[in-house]
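Below is one structure; the comments refer to it alone.
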Amino acid sequence: MRNVRIVTATVKNQVEFSHMSLLGQSLSLLRGQAGLEVTVFFDNAGSRRKGLGEIYNTMLTSEHAGEILLFVHDDVYIHDWHLAHRLHDALERHDVIGLAGNAAPDFDEPSWALAWNRDKHPHGCQPGRFLSGAVGHLVQGRTRLSNFGASPRECLLLDGLFLAVNAEKVLEARVRFDEQFAYHFYDLDFCRQCHACGLKLGTWPIAVTHASRGAFGSPEWVAARDTYLRKWQKPESEGARHGAGR
């Protein structure tokens, strides 16, 4: 079995991460398992702050080619203590997996699930028949399940809270995160690059709780949205598809 490496970035220091972050707390159940490693980028704040795309790219190197890399947010609690086995099973079928995604997304929308064009999507979301996966969300101290649709399922877009990749396949395809997307849209852009390069994406059922519901409408989100839509506007050029993050 390939080594599984959990990769995350946090504004917290090592002690704070272990005791105060959801991911750090859940890792206390996972640490010590054979074939499971953890890489944490601590103190990612202030003048030292780096975007997730830049951080994740540091792991997409030949040194880690034989590993499964799990890129996960630090506000995610992983409930499944069979994580390594789940990821091995998932990446036998797919090259990139997530927990929630869309099998036939509207690429004119800046989301894998939500929608802003009310003429096409009057309810503010993309058709439910194309959605896949499930994620628990922390609401007032309790986990509430968002069940999007059947999983496993092949998808074209995946949510970035939890992305696991077959590092060897991604490296062979020469896909990297576009570093102009620091905290928003790095996931959608990465998925589109992977699909354009022939990699297979899909969802997989793994139990987690996520403490964030997104930052839709914030100035940072709006700026990243505009950059993302410009990059992928039709007709797509070869350069646009393969990203500025290389």
When F107 is run through (1) open to solvent by less than 60 Å² (accessible area, probe 1.4 Å); (2) among the hydrophobic types (A, V, I, L, M, F, W, C); (3) within 24 Å of G198 (Cβ to Cβ), the failure sits at (1)
What's the total number of residues in region 125-142 that are in a loop (DSSP other than H, G, I, E, B), closer than 27 Å to L201 by Cα and open to solvent by 10 Å² or more (accessible area, probe 1.4 Å)? 1
Region 163-198 - residue that is among the aromatic types (F, W, Y) and either more than 14 Å from T61 (Cβ to Cβ) or outside any loop (DSSP other than H, G, I, E, B) (or both) and, of those, modelled with the lowest pLDDT: Y183
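Say whether the condition of being hydroxyl-bearing (S, T, Y) and open to solvent by 60 Å² or more (accessible area, probe 1.4 Å) is met by at least one residue in region 177-193. Reasoning before the result, please.
From region 177-193, those hydroxyl-bearing (S, T, Y) are 183, 186; that's our starting set.
Imposing the further condition that a residue be open to solvent by 60 Å² or more (accessible area, probe 1.4 Å) reduces the set to 183.
Scanning region 177-193 turns up at least one residue that is hydroxyl-bearing (S, T, Y) and open to solvent by 60 Å² or more (accessible area, probe 1.4 Å).
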Test result for E92, of a type in the set (D, E), open to solvent by 40 Å² or more (accessible area, probe 1.4 Å) and within 21 Å of L30 (Cβ to Cβ): yes
Output for region 1-25, where each listed residue is buried (at least 20 other Cβ atoms within 10 Å of the Cβ), part of a helix (DSSP H, G or I) and among the small types (G, A, S): G24
For A115, only one of the following conditions fails: (1) over 19 Å from A150 (Cα atoms); (2) open to solvent by 10 Å² or more (accessible area, probe 1.4 Å); (3) over 14 Å from the mean Cα position of the chain (by Cα). What is its number? (2)
Report whether or not E154 is open to solvent by 10 Å² or more (accessible area, probe 1.4 Å) and either at pLDDT 95 or above or closer than 21 Å to L138 by Cα (or both). yes
Among the residues of region 197-215, is there at least one that is farther than 23 Å from L52 by Cβ, without any contact (Cβ under 8 Å) to a residue 40 or more places away in the chain and surrounded by 15 or more Cβ atoms within 10 Å (Cβ to Cβ)? no
Kindly indicate whether V76 is in contact with a Phe, Trp or Tyr (Cβ under 7 Å, 6 or more places away or on another chain) and open to solvent by less than 60 Å² (accessible area, probe 1.4 Å). yes
Would you say K120 is farther than 25 Å from I206 by Cβ and either open to solvent by less than 30 Å² (accessible area, probe 1.4 Å) or touching a strand residue (DSSP E or B) at 6+ places or on another chain (Cβ under 8 Å) (or both)? no
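The values are calculated or read from the model by the stated rules, or taken from the named source; none is laboratory data. What you see is a predicted model, and the numbers here were worked out from it, not measured in a lab. Using ideal geometry, Cβ is built from the backbone for each residue, glycine included, and neighbour counts are taken over all protein chains shown. The area values use the complete protein model at the heavy-atom level, side chains included, leaving out ligands, DNA and RNA. Shrake-Rupley method; radii C 1.70, N 1.55, O 1.52, S 1.80 Å.
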